[in-house]
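In what follows, a structure is listed as structure tokens, so that the remarks can point back to it.
The values are calculated or read from the model by the stated rules, or taken from the named source; none is laboratory data. Remember, predicted model here, so these are calculated numbers, not experimental data. Neighbour counts are summed over all protein chains in view; Cβ atoms, including those assigned to glycine, are modelled from backbone coordinates with ideal geometry. Surface areas here come from the heavy atoms of the whole protein model, side chains and all, with no ligands, DNA or RNA. Shrake-Rupley method; radii C 1.70, N 1.55, O 1.52, S 1.80 Å.
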Amino acid sequence: MYRILKREELVPNIHLLKLESSHIPLKASPGQFIIVRADEKGERIPLTLADWDADEGSLTTIFMTVGTSTQKLALLNSGDTIPTLVGPLGLPSQSENFGTVLLVGGCYGIASIFPLAQQLKKKGNRVIIIIEARSKNLIYWEERLKEVSERLVVVTRDGSYGYSGHVPDNLKKILEEEKVSRVVVNGCTFLMMITSETTRPVNIKTIVNLNPIMIDGTGMCGVCRVQVNGNTKFACVDGPEFDGHQVDWNVLLARRHTYIQEEINSLSFWECEKYG
Ligand code: FES
């Protein structure tokens, strides 16, 4: 069993989960993920690493409550235990001196770009960060991200804070002002897709951290398969990072929605059982 050191709702529906682990922080790198289960009957949830501390023996991830499994996870507290914690999984992010790197984060991706920004800055890159949320009350870790970037741009879709609109509306302007060599996007599939489509015409390498449904996380079940440059890849072992200009977004979106009705049924059933 694996002990929870902290579980905190940072902003509505977005939770921080800090777990005790002596071995994962020793091997973890930016871009990698873990798989957890909230209980013995729970599904396996892949979560991107947002931070870790080998001296303390801890790792931190951020998740959004979307279905039964993440709702169960959100009810756990420090001192509770979970039965499954596997990681670090996936290939680390490529990290070298690219020049100027622009990181884009939305939702849980606001947190998972943090360790990458830290590492890219150490390698001598100029790091620019754009974080996006629907509204001001969904922005978190702003101060933390300022510390690991040269420029931080906040975008809210309702215009309640920072720049107004979607990432692409503001990204175009930033790309005119800055000589960006590489873009990395973490967040929901839609954000990764529209950002990739914005950088495609100006031919800036754009890396996305894909988030398909996963089971084992070790390349055996085939559930996480994605189409990249016309080839079948497994996000858990060949990724999760891929070139966003080569990802078949239609296939990815369709596969992510395969079990949507089952997910709705499961959540309704669980809520009825729990809250009556
Ligand atoms: Fe099973 Fe990737 S999660 S092959």
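Can you tell me which residues in the stretch 229-266 are within 30 Å of SER95 (Cβ to Cβ) and of a type in the set (Ser, Thr, Tyr)? Answer for the stretch 229-266, where residues must be within 30 Å of SER95 (Cβ to Cβ) and of a type in the set (Ser, Thr, Tyr): just THR232.
For the stretch 133-165, filtering for residues that are under 20 Å from ILE194 (Cα atoms), open to solvent by 70 Å² or more (accessible area, probe 1.4 Å) and part of a loop (DSSP other than H, G, I, E, B) leaves 3. Only one of the numbered conditions (1) open to solvent by less than 10 Å² (accessible area, probe 1.4 Å); (2) under 27 Å from VAL184 (Cβ atoms); (3) not charged (D, E, K, R) is not met by ILE4, and that is (2).
Evaluated against (1) open to solvent by 20 Å² or more (accessible area, probe 1.4 Å); (2) out of contact with any Gly (no Cβ under 9 Å at 6 or more places or on another chain); (3) under 26 Å from GLY219 (Cα atoms), ASP53 falls short on exactly one condition, (3). Can you work out which of the residues in the stretch 198-220 that are free of Cβ contacts under 8 Å to residues at least 24 places away in the same chain and either closer than 20 Å to PRO168 by Cα or open to solvent by 60 Å² or more (accessible area, probe 1.4 Å) (or both) is nearest to the ligand (Cβ to nearest atom)? Restricting to residues being free of Cβ contacts under 8 Å to residues at least 24 places away in the same chain and either closer than 20 Å to PRO168 by Cα or open to solvent by 60 Å² or more (accessible area, probe 1.4 Å) (or both), the top hit is MET220.
On the given criteria, is ARG255 farther than 21 Å from GLN32 by Cα, within 14 Å of the ligand (Cβ to nearest atom), open to solvent by 50 Å² or more (accessible area, probe 1.4 Å) and out of contact with any strand residue (DSSP E or B) (no Cβ under 6 Å at 6 or more places or on another chain)? Spelling it out, ARG255 is indeed farther than 21 Å from GLN32 by Cα, within 14 Å of the ligand (Cβ to nearest atom), open to solvent by 50 Å² or more (accessible area, probe 1.4 Å) and out of contact with any strand residue (DSSP E or B) (no Cβ under 6 Å at 6 or more places or on another chain).
In this structure, is GLU273 more than 13 Å from LEU102 (Cα to Cα), open to solvent by 80 Å² or more (accessible area, probe 1.4 Å), of a type in the set (Asp, Glu) and touching a helix residue (DSSP H, G or I) at 6+ places or on another chain (Cβ under 9 Å)?
So GLU273 fails the test.
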